[in-house]
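Here's the structure, in structure tokens; my notes come after.
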Amino acid sequence: MKTDFDGTVQWSKKYGGTNNEEAYSITPTFDGGFVMAGSTTTFTGPPLNGPSNVYLIKVNDSGDLQWSQSISVSAHDVAFSVKETFDHGFILTGATDGFSTATSELFLVKTDSSGITEWIRSFETIGYSHGKGQNVIQTRDSGFAVVGYESGIGDTSIYLITTTSTGLILNTLKYTIITNQNLLQTYGYDIIQNNSGNLIITGAVGGFYGGLFFTYSPFLLETDSSGIYVASRYYSLNSGDCRSYSVKQTNDGGYIIGGVMGIIIR
């Protein structure tokens, strides 16, 4: 759906086939169109013929379909983020769990400007059973930085990977945000590169509020361009499920984050 600056709908389109298609990410492209990424259960096929594939769709500025691609990573595949790259191709990240839901891995897919796959990289988690890529950016050195989280029994950590322009690993790091709560879970949802070249990550850190209620608080985490820790801060809003899903740098050099705020029912 496309709206004008007042929110009035200019056009609305549907894409896909006879089964389930889902879009989780959309970004404008250099030619004035848009590219979307998510998953498809209609257009699945070789090489693994899994139940769901990554679904990549390109439309023009009127929402008319220009092309679509179904990309097989493993078996159950879904993309949560897509960005246009410097060469006008696309980089995607998400999760693939093979033919079993017991484990999952974070992946990167690079395509050309027509959505044809150039390379696929999947990354094993560091001592955890589940990994998910939530957002990816191309960094100024033409490499990539992807953030998400990895989880095991009762524990979840931020998962940060930096790579070369061809997806070869430079650093694989995991972080937890230390709070005054009993820390159990930390999720990374969004990543940007700031004006100085450092990486800024936002998400949610969970723990027991007052030892009784499990709650989440938004946070900001800064690393250098290679992913090495610089600083972090979390924001205790004394509320329920409070998560930050998006971060942007403001004109004054600060940051603005947005997400969801729940309440605690006592």
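Each value in this text was obtained by applying a stated rule to the coordinates, not by laboratory testing. In this text the structure is predicted, and so the values were computed from the model without any measurement. Positions of Cβ are generated from backbone atoms using ideal geometry, with glycine treated the same way; all protein chains shown enter the neighbour counts.
A few comments on the model shown:
- Per residue, the average separation of C-alpha pairs within less than 8 Å and at least 6 apart gives segment 2-260 a relative contact order of 9 percent.
- Inverse of mean 1/r across different Cα pairs in segment 1-82, Kirkwood, Å: 13.3 Å
- Using the Cβ of Thr85 as centre and a radius below 11 Å, the other residues enclosed give a net charge of -2, where K and R count +1 and D and E count -1.
- Each label point was placed 7 Å from the Cα along the Cα-to-Cβ direction; for Phe5 and Asp87 their separation is 3.7 nm.
- Residue-count net charge about Leu56 - beta-carbon cut-off 15 Å; Lys, Arg +1, Asp, Glu -1: -3
- Available extension along the chain between Ile256 and Ser196 is 19.9 nm, counting 0.36 nm per residue and deducting the alpha carbon span.
- Its residue count N fixes a reference of 2.2 N^0.38 Å for segment 2-260, and the Cα radius of gyration divided by that reference is 1.02.
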